[in-house]
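Engineer: Questions regarding the structure given below will be posed in turn.
No lab work stands behind these numbers, since they all come straight from the coordinates. Note that the structure is predicted; figures quoted are calculated from it, not measured.
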Amino acid sequence: MPLARRTVLVGAGAAAVAGLGAAALLRRAPPPGRALGLTPVALAALEDAGSPGSGAARPKVRVAVFTDYLCPICRATDHALRTVLDRNDDVRVIYKLWPIFGPASARAARTALAAGYQGRFDAMHDALMAAGGRLDLPGLQAAAVAAGANPMVLDADLAAHAGEIDRQLEAHAAQAWALGLQGTPAYLVEDVLYQGGLGAAALGAAVDRARRKA
């Protein structure tokens, strides 16, 4: 990502959070969203087999969420994804790790993807979101322990799968740019794009809209 664009995205997000607080930025009513249609760009994000995901194996509604472990709004809204999954057995959430908040974000994203080789992506994702932005080396190690990941295996997978992990993160970034995203979080709910944090009610309403269209 060009440094200037990254700085703009991060600076705008940080200023908004500082001024309003993350909770105030979560939408409770569903926003209108932007209908894209199931274009090749949208399908590339929804059908990317390398992206980690949770929920139904054969979903009626797919939600691709672009997120960053250092994004305060992402952390505040992450519980909404779990709530929607718990309430709907026909939904799949596809995680697009897009580390736009700098090197610490990138390290956390790589660690989360590496945990997937142990089958611990979901637990590591939750642990990193719960870390409150403390993503230095001790914070990552604590998250790995909390996620039940074997630290030695995690380190080995980070090294052994470095190329695959890098390619996946590059794919997420390319998808974000192709969709015209301005920052994190953002949600592609089937063919409708929503930008900004969504609470459980708003995200659930967006899922219901997509299901009715299906």
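Engineer: Quick one: the Cα spread of the chain along its three principal axes, in angstroms, biggest first?
Structural biologist: For the chain, the Cα spread along each principal axis is 46, 41, 30 Å.
Engineer: Which values of log₁₀ I(q)/I(0), to two decimal places, follow from the Debye formula for segment 101-158 at q = 0.27 Å⁻¹ with a uniform point scatterer at every Cα?
Structural biologist: -1.11
Engineer: Now, a different point. Report the residue, chosen from GLY50, GLY119, GLY133, that carries the largest GNM mean-square fluctuation when the chain is represented by alpha-carbon nodes joined by springs under 10 Å.
Structural biologist: In the Gaussian network model the winner is GLY119.
Engineer: Each residue of segment 69-78 in turn: what ³J(HN,Hα) in whole Hz from Karplus with 6.51, -1.76, 1.60 and θ = phi - 60°, glycine and Pro shown as x?
Structural biologist: 5, 9, 7, x, 5, 4, 5, 5, 9, 4
Engineer: Determine the percent antiparallel among the DSSP beta bridges restricted to the chain, to the nearest 5.
Structural biologist: Given both bridge residues lie in the chain, the antiparallel proportion sits at roughly 60 percent.
Engineer: OK, next. Would you mind giving the average projected area, over all directions, of the Cα convex hull of segment 71-175 in nm² with one decimal? Each step should come with its number before you reach the end.
Structural biologist: Numbers: hull surface 26.8 nm².
Seen from a random direction, the Cα hull of segment 71-175 projects 6.7 nm² on average.
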